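*Asks:* Below you will find the structure I want to go over with you.
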Amino acid sequence: MKKPNILFIGAGRMAEAIFSGLKQSEHIGTVTISNRSDSERLAHLKRTYHVETAKWQDVVADQDVIILAMPPSSHPAVMKELSNFVTSQLVITVAAGIGPTLLEEAMPGIPVAWIMPNTAADVKESMSIFACGQYIKDEDRANLQVILDAIGESEELSEEQIHELTAVTGSAPAFVYQFAEALEQTAKSYGLSKEQATKLVVQMMYGSVAMLKDGRQASDLRDQVTTPGGATAEGLDVLQENNFNDILHEAVIAVNRKAKEQANN
């Protein structure tokens, strides 16, 4: 199979996380980055990742895949202009709230897909969820899978499911980092250095996630740590009293609500 040439329109943090993962793959052709306003950042990315940089309108005809990596609010104008250039290229967006329906409305008849990765793509550990449009062909699916495999694990869902679950796979890493930061601050309050606190928390989280990835159930693992009436149970009681599960649920709902607002603006 021909190695796909990939064009990124947009060069923010998510774009960087994705193409840094892609550059480690042997199944990718050229990677070209376009960013309309920040030439200094483009120069930095070119030096760091050995990617090509160009005005996207000048190179789009030579691309097999176009990845829209701009904020949701920037999509309408770019999609309108892009519709005058694309012929059969696969167009992918990684923006929250911009599903295949919106892409196909802007670019009728063009194969499209929506990927919701997370920044762990940078270390090839993203959990990406994706949905495909109605015009996608076998070759497009093959190119899409090459991209997904280069940045981690993936799962195909319906467009509506991605709207609802983006918060769980895409935004929730920020919740995890907030949790880690809070534990580090608590550890430091007992006299640990920043380095010691980080080591304790990161390895604890890494080991815990490794056991989950081994196929064990979160509830079973929690019960293994928790002796009824013991110290851990006391801590879990505090979390329950402060509605820990409800807070996470509300955070997910808030992310979904904001993503829909941004897509409709």
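We did not get these values from a lab; they are worked out from the coordinates using the rules stated. In this text, all values refer to a predicted model and were calculated from it rather than measured experimentally. Counting neighbours? That spans all protein chains shown, and the Cβs are built from the backbone with ideal geometry, glycine included.
*Asks:* Would you kindly state how much longer the chain becomes between Gln145 and Ala231 on full extension, computed as 0.36 nm times their sequence separation minus their alpha carbon distance, in nm to one decimal?
*Replies:* Full-extension gain reported as 26.3 nm.
*Asks:* May I pose another question? So what is the orientation-averaged projected area of the range 165-264, using the convex hull of its C-alpha atoms, in nm²? Mind dumping the intermediate values first?
*Replies:* Numbers: hull surface 32.1 nm².
Average projection, Cα convex hull of the range 165-264: 8.0 nm².
*Asks:* What do you get for Rg/Rh of the range 177-228 when both radii come from the Cα atoms and Rh is the Kirkwood radius? Kindly include the intermediate steps, with their values, before the conclusion.
*Replies:* Details: Rg = 12.9 Å, Rh = 12.1 Å.
We get a ratio of 1.06 for the range 177-228.
*Asks:* Quick one: what are the phi-derived ³J(HN,Hα) couplings along the range 57-70, Karplus 6.51/-1.76/1.60 with θ = phi - 60°, whole Hz, x for glycine and proline?
*Replies:* Once rounded to whole Hz, the list reads 4, 7, 10, 4, 5, 8, 9, 9, 9, 10, 10, 7, 10, 9.
*Asks:* Evaluate E = 1/(1 + (r/R0)^6) for Val238 and Glu125, where r is the Cβ-Cβ distance and R0 equals 35 Å; express this FRET efficiency to the nearest 0.05.
*Replies:* The computed FRET efficiency comes out at 0.65.
*Asks:* Related question: Projecting each Cα onto the charge dipole of the chain (Lys/Arg +1, Asp/Glu -1 at the beta carbon, about the Cα centre), which of Gly99, Pro111, Pro4 comes out farthest on the positive side?
*Replies:* Pro4
*Asks:* Quick check for me: using +1 on Lys/Arg Cβ and -1 on Asp/Glu Cβ, what's the dipole size of the range 31-84 about its Cα centre, in debye to the nearest 20?
*Replies:* On the way: 6 positive and 7 negative charges, 36 e Å.
The dipole magnitude comes to about 180 debye.
*Asks:* Using a Förster radius of 51 Å, what is the FRET efficiency between Leu192 and Phe85 based on their Cβ-Cβ separation? Nearest 0.05, please.
*Replies:* Computed FRET efficiency for Leu192 and Phe85: 0.40.
*Asks:* Quote the FRET efficiency, to the nearest 0.05, computed for Arg36 versus Ala174 with a Förster distance R0 of 22 Å and r equal to the Cβ-Cβ distance.
*Replies:* Rounded to the nearest 0.05, the efficiency is 0.25.
*Asks:* With the Cα gyration tensor of the range 1-130 giving a ≥ b ≥ c as the square roots of its eigenvalues, does the rule (a/c under 1.5 for rounded; else a/b larger than b/c for prolate; else oblate) give rounded, prolate or oblate? Please report the intermediate quantities before stating the final value.
*Replies:* On the way: a/c = 1.37, a/b = 1.24, b/c = 1.10.
Verdict is rounded for the range 1-130.
*Asks:* Turning to a different aspect of this structure: Expressed in nm to one decimal, what extension gain is obtained for the pair Asp58 and Ala251 from 0.36 nm per residue of sequence separation less their Cα-Cα distance?
*Replies:* Additional length available on full extension: 65.3 nm.
*Asks:* Using θ = phi - 60° and the Karplus curve 6.51 cos²θ - 1.76 cosθ + 1.60, what whole-Hz ³J(HN,Hα) does each residue of the range 222-238 get, with Gly and Pro shown as x?
*Replies:* 4, 5, 5, 7, 9, 8, x, x, x, 5, 5, 4, 5, x, 5, 4, 5
*Asks:* Only Lys, Arg, Asp and Glu count, each charged at its Cβ (+1, +1, -1, -1), so figure out the dipole size of the range 44-176 about its Cα centre, rounded to 20 debye.
*Replies:* Once rounded to the nearest 20, the dipole reads 480 debye.
*Asks:* Nearest 20 debye, what's the magnitude of the dipole of the chain about its Cα centre given +1 on Lys and Arg Cβ and -1 on Asp and Glu Cβ?
*Replies:* The calculation lands at about 800 debye.
*Asks:* Next question. Have a look at Val78, Ala61, Gly152 and report the one farthest towards the positive end of the charge dipole of the range 6-157, computed about the Cα centre with Cβ charges (Lys/Arg +1, Asp/Glu -1).
*Replies:* About the Cα centre, the residue reaching furthest to the positive side is Val78.
*Asks:* Hey, another quick one. Place +1 on the Cβ of every Lys and Arg and -1 on the Cβ of every Asp and Glu in the chain, take the dipole about the Cα centre, and give the residue among Val123, Ala187, Ser34 whose Cα lies farthest towards its positive end.
*Replies:* Looking along the dipole axis, the top candidate is Ser34.
*Asks:* Still on this structure, I have one more. Which values of log₁₀ I(q)/I(0), to two decimal places, follow from the Debye formula for the chain at q = 0.12 Å⁻¹ with a uniform point scatterer at every Cα?
*Replies:* Values returned for q = 0.12 Å⁻¹ are -0.80.
*Asks:* Check Ser128: other-chain or 5+ apart residues with amide H under 5 Å from its amide H, H built from backbone geometry?
*Replies:* Glu153, Ser154, Glu155
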